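Right, one structure below, let's go through it.
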Amino acid sequence: MLAEIKGLNEECGIFGVWGHQDSAQLTYYGLHALQHRGQEGAGIVTTDGEQLKLAKGHGLINEVFSENQLEDLSGHASIGHVRYATAGDGGYENIQPLHFRSQTGGLALAHNGNLVNAQALKNQLEAQGSILQTTSDTEVVAHLIKRARHLPLEQAIMEALSMIKGAYAFLVMTEDRMFVANDPRGLRPLSLGHLGESWVVSSETCAFDVVGAEYDREIDPGELLIISDEGIESKRFSAPIQRTLCSMEYVYFSRPDSNLDGKNVHASRKRMGKSLAEEAPIDADVVTGVPDSSISAAIGYAEASGIPYELGLIKNRYVGRTFIQPSQELREQGVKMKLSAVRGIVEGKKVVMVDDSIVRGTTSRRIVKMLKEAGAKEVHVRIASPPIKNPCYYGIDTSNSGELIAANNSVEEMEEQIGADSLAFLSVQGLNNSIYQGEESLKHGGCMACFTGNYPTEIYPNTMHPYEKA
Ligand code: SF4
């Protein structure tokens, strides 16, 4: 589904390189592969061993960086970030990496995720005299690191990481080292690879393929990697606990060519579609998926049901970001601009429309209407994930449960509101089995809090939207 019109926005993407003379260019290409994770801003910080250099700005990667700018970012190591504004607002100062200068040297930070105790830590830091320059959670971590300056840097970072709670994949860089950390539950994806003698770190493995790097392994939950010209070292800042990787990464956020925890996203989505066909069969003529993220699940549904898969919906790839509008009315218009129903495929047919998820329901209603206007006799909506009933506090913008259609309506009510002839969702067990498969699902379990309300960490009241506290 299309993020901008769905109301379910990706978090951010991070990418880092150590030990390559073209590190800024590689980071540019890496971030380009991660562009789906954030389109509002991007930045790159490089080090040449002497000083950190930063370039950042609003917009897409190719809008932010010119060739000259990339050439100016000389250095053998870089960290980069693509941003969708989660915590904090969309101001320039919040675009990452954040870069801090002090007499003891520079520090750059890039973060994917959301801290659930950020406000409490901000209050504490301000009470102790810190002056925060941004509204982002990431700056809190920089202050916590600087506050522990009596310790060696590596210990100061471990101390800061032990104080923050929530979802975070972090890249921290100084003039002579890069630190890579994943939160104790590993909520966000983060992988390590190599390109010849250079180290590469990325939110998603699809970026490794783009720069020609080879995947090595996941960054473990609670692990801190220290990379320098001397080599790579792994430390732990928290005891091992079961990983609860965000299930929505498999359902919707990550690119189909990425592998998460060794599992290919496209293959996982196909299994979701297959399970959905088994759980919610229907007599129909064609199966179609809502481009792009639902295509894999639609193929899985078609294969399992024996109903042919067809391109009943086409995405218009040439709609500029100008059309991404926040108001409900314009969001509805946006659906028309971005998707078209293929009359020749759906006219007179009973259509199964597979989508990855439903957030507000507005988009589903528009697409069902569009298919019927194109002559579909019946439209049966099948959702390849369970109903989203709870907000996410880990870096995904699902607003508050007042805006989530499934939090306030039964399946029958939703079916009526979106105008479908039938509506069904994949079960929580079905999703879990599709990702982790068989025996493995007994040992693993990703975060499913937006479906189940079982949050893998404590949620602090001042993290909640006022609607949730009422
Ligand atoms: S609550 Fe949902 S979107 Fe948020 S981390 Fe958990 S599974 Fe992902």
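If R0 is taken as 45 Å, the Cβ-Cβ distance between Glu63 and Ser102 corresponds to a FRET efficiency of 0.90.
Test of understanding: what is the full-extension gain from Gln429 to Asp229, defined as 0.36 nm times their sequence separation minus their Cα-Cα distance? Show your work: numbers first, answer last.
Details: separation 200, 0.36 × 200 = 72.00 nm, distance 4.60 nm.
Contour length minus Cα-Cα distance gives 67.4 nm.
The length gained by stretching the chain between Ala239 and Asp72 to full extension, at 0.36 nm per residue less their Cα-Cα distance, is 56.0 nm.
Applying 1/(1 + (r/R0)^6) with r as the Cβ-Cβ distance of Gln128 and Arg343 and R0 = 56 angstrom yields a FRET efficiency of 0.30. Based on the reciprocal of the average 1/r between different C-alpha atoms, the Kirkwood radius for segment 107-163 equals 11.6 Å. From its DSSP helices (H runs of at least four residues, each -39,500 (n - 2.57)), the chain gives a residue-normalised ellipticity at 222 nm of -8500 deg cm²/dmol. The equivalent ellipsoid that matches the C-alpha gyration tensor of the chain spans semi-axes of 39, 23, 21 angstrom, in descending order. Convex hull volume of the C-alpha atoms in segment 11-243, normalised per residue: 109 Å³.
Between Asp216 and Glu279, the simple spin-label model (points 7 angstrom out along Cα→Cβ) gives 3.8 nm. Each Cα pair under 8 Å and six or more residues apart adds its separation to the average, and for the chain the resulting relative contact order is 14 percent.
Listed by chain and number, the aspartates and glutamates whose C-alpha is less than 13 Å from the C-alpha of Lys146, apart from same-chain residues fewer than 8 away, are Glu154, Glu159. Ranked by the mean number of other Cβ atoms within 10 Å per residue, highest first, peptides 254-264, 113-123, 62-72, 23-33 order as 23-33, 113-123, 254-264, 62-72.
Between Arg236 and Leu224, the built amide H atoms are under 5 Å apart, and every one of these is 5 or more places off in sequence or on another chain.
What is segment 11-243's relative contact order, in percent, from Cα pairs under 8 angstrom and six or more apart in sequence? Reported as a whole number, the value is 21 percent.
Given points 7 Å out from each Cα along the Cα-Cβ axis, report the Glu93 to Ile314 separation in nanometres with one decimal. Placing both labels 7 Å along Cα→Cβ, they lie 4.8 nm apart. Modelled this way, with points 7 Å down the Cα-to-C-beta line, the labels at Glu50 and Asn408 are 6.0 nm from one another.
Any read-out appearing in this document is the output of simple, stated calculations on the displayed coordinates, not a laboratory observation. Everything numeric in this text was worked out from a predicted model, so none of it was measured. Using ideal geometry, Cβ is built from the backbone for each residue, glycine included, and neighbour counts are taken over all protein chains shown.
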